[in-house]
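Worksheet: one structure, shown below.
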Amino acid sequence: MNALDRFQDSYPRLKGLVAAREPGWAQNRRDAGFEVFSSLGFPTKRIEEWRHTNVDVIAKSDFTPPEHPLSVGAPDALVASALLGGFEAHRLVFVNGRFSAELSDASGLPRGVRLVNLASAIDGDDPFTAEALGRLIDLRTAPFPALNSAFMTDGALLAIDAGVQVERPIHIVFLAHFDGGPAAIFPRNLIVAGEGATATIVESYEGTGGGYFTNAVSEITIGAGANVDHYRLQRESHDAFHVSLTQVDQGAGSVYANHSLSLGGRLVRNDINAMMGGDRIETYLNGLFVADGQRHVDHHTQVDHAQPNGHSNEKYKGILGGRATGVFRGRIHVHPDAQKTDAYQNNKNLLLTRDATVHTKPQLEIYADDVKCSHGATVGQLDEEAIFYLRSRGVGRNDARMILVRAFAGEILANIKVAALREHLESSMEQWMPIDQTVERA
């Protein structure tokens, strides 16, 4: 039985489990997602958006969504790693898709901020959730978000009232630790920042163990004049599969910065879409992906300039060793009314071995005539002259390579405004870098 069969077999049982507690509107949205996914199935390489990413390994596996409440325990080492070395934040923690009250601490939030687990809001027939959940997602051509909508388990509901400034970061943590057979989890986040609100959000995914499948969706609405700094850290098991969609809708004069750091996973696909639906919006997309062995990491971004005077700046970097494959496809779409748009996009990639591969495709699609837009992409190797220079000053070859790789990644890490988070990532980055393979091939 493959994954499609498993999911179709599991869905009636899921419906039976949620029927007694979820309101009708939530069940209707599950049905809509399941109907779309059953119609579309898993994407294939014949679809242009998936040309470089083959998800057959997911489709042919027998991943099964957890149907019963699981233990929310996790190894201490995994918890400690996920909490980022004592990183101070308001925090919600989920283990194997289920909310862990024991590991969470949302105390001390300012008045006007609501941070709870999404399942409790759905079960309580919360009007705000009923109106907002699924509003930003077009399921018609999106099989994985449709699958998430059908099987979503839990996640964060974060609602910030207009004008509220949240000083400490809000940390949403998803841990995966399965002892049984292949399992699939479906985190779902709903984030709404009101007009003029300010917040820093850290969304992280950590896991250990065998080949589990994470299918995550985050919907983020940013009101006029609001400012949201959003960090997305993916450090799952190297045997794990991770697919995600981050869908953002911005109001006039708002600022949104997305920082995507993808360090783990066997096959990873992250889609990040920002709709700039008002005047004078600023959008920043920064990304760093690292892969070794035969891992595959794919990032797709889309920025829609729909109104005038928008500014977007996108920088993505990839570091690939072994036989790893990286994919970057970024698209900037300037709509006819988006005059005075200023958009920039760049993707740089560092290949540490001859067998590593990257596919990069920055795209501009412009329908306005008074704009300033540019894009670019590079693929290169470590500079041997720089390595020779460092070695001539007593630095070993391995250390010299690491210095250069750190410098390459440093431009992205420098954009992390939360000092504790940046310092933690800088100090732990070495364990994720595929330097050892480079030395073996040198």
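Of note:
- Extension gain for A101-D239 works out to 46.9 nm (0.36 nm per residue, less the C-alpha to C-alpha distance).
- Average Cα contact separation per residue, the range 189-300, under 8 Å, 6 or more apart, as relative contact order %: 25 percent
- Average accessible surface area per residue within the range 96-253, 1.4 Å rolling probe, Å²: 31 Å²
- Antiparallel DSSP beta bridges within the chain, percent to nearest 5: 5 percent
- For V379, solvent-accessible area (1.4 Å; no DNA, RNA or ligand), Å²: 80 Å²
- Between A419 and V57, the simple label model (points 7 Å from Cα in the Cβ direction) yields a spacing of 4.1 nm.
- Of the chymotrypsin sites (Phe, Trp or Tyr not before Pro) in the range 354-392, the ones in a loop by DSSP (not H, G, I, E or B) with at most 14 other beta carbons within 10 Å are Y367.
- Net length gained if the chain between I366 and S392 were fully extended (0.36 nm per residue, minus Cα distance): 4.4 nm
- Label-reachable residues, the range 164-207, where backbone N falls under 20 Å from a point 7 Å from V18's Cα toward its Cβ: 174-175, 183-192
- Percentage relative contact order, the range 6-160, counting C-alpha pairs under 8 Å, at least six apart: 35 percent
- Where Cα atoms sit under 22 Å apart: lysine pairs in the chain separated by 8 or more or lying on different chains: 15
- For D138, net neighbour charge (Lys/Arg +1, Asp/Glu -1) across residues whose Cβ lies under 13 Å away: -2
- Computed over neighbours whose Cβ is under 9 Å from that of A216, the net charge equals 0, Lys and Arg +1, Asp and Glu -1.
- Amide proton proximity set for I366, modelled H, under 5 Å, gap of 5+: V334
- Length gained on full extension, S374 to T141: 81.0 nm, using 0.36 nm per residue less the C-alpha separation.
- Surface share of carbon and sulfur [accessible, 1.4 angstrom probe, percent] for the chain: 48 percent
- Our coupling estimate for the range 273-287, obtained by passing each phi through the Karplus curve with A = 6.51, B = -1.76, C = 1.60 and θ = phi - 60°, is 10, 10, 9, 9, x, x, 7, 6, 8, 10, 9, 10, 10, 10, x Hz, Gly and Pro reported as x.
- Cβ-Cβ FRET estimate between D342 and D179, R0 fixed at 30 Å, reported to 0.05: 0.05
- Amide H to amide H, with H built 1.01 Å from N, I281 comes under 5 Å of G253, G310, H311, counting only residues 5 or more places away or on other chains.
- Cα gyration tensor shape of the chain, rounded if a/c is under 1.5, else prolate or oblate by comparing a/b with b/c: rounded
- Contact order for the chain, expressed relative to its length and based on alpha carbon pairs under 8 Å spaced 6+ residues apart, stands at 10 percent.
- Using the Karplus relation 6.51 cos²θ - 1.76 cosθ + 1.60 with θ = phi - 60°, the per-residue 3J(HN,Hα) values for the range 118-127 come to 4, 4, 5, 5, 5, 4, x, 6, 5, x Hz, with x marking Gly and Pro.
- Helical contribution to [θ] at 222 nm, DSSP H n ≥ 4, -39,500 (n - 2.57), averaged over the chain, rounded to 500: -7000 deg cm²/dmol
- Max mean-square fluctuation residue, GNM over the chain, Cα-Cα springs under 10 Å, options D279, D271, D369: D369
- Euclidean distance of C-alpha centroids, the range 327-379 and the range 109-172, integer Å: 30 Å
- If both residues of a DSSP beta bridge must be in the range 269-371, then about 0% of such bridges are antiparallel.
- Amide H to amide H, with H built 1.01 Å from N, F94 comes under 5 Å of S100, V173, F174, L175, counting only residues 5 or more places away or on other chains.
The values are calculated or read from the model by the stated rules, or taken from the named source; none is laboratory data. Because the structure is a prediction, the values reported are computed rather than measured. Cβ: placed from backbone, ideal geometry, glycine included. Neighbour counts: every protein chain shown. The area values use the complete protein model at the heavy-atom level, side chains included, leaving out ligands, DNA and RNA. Shrake-Rupley method; radii C 1.70, N 1.55, O 1.52, S 1.80 Å.
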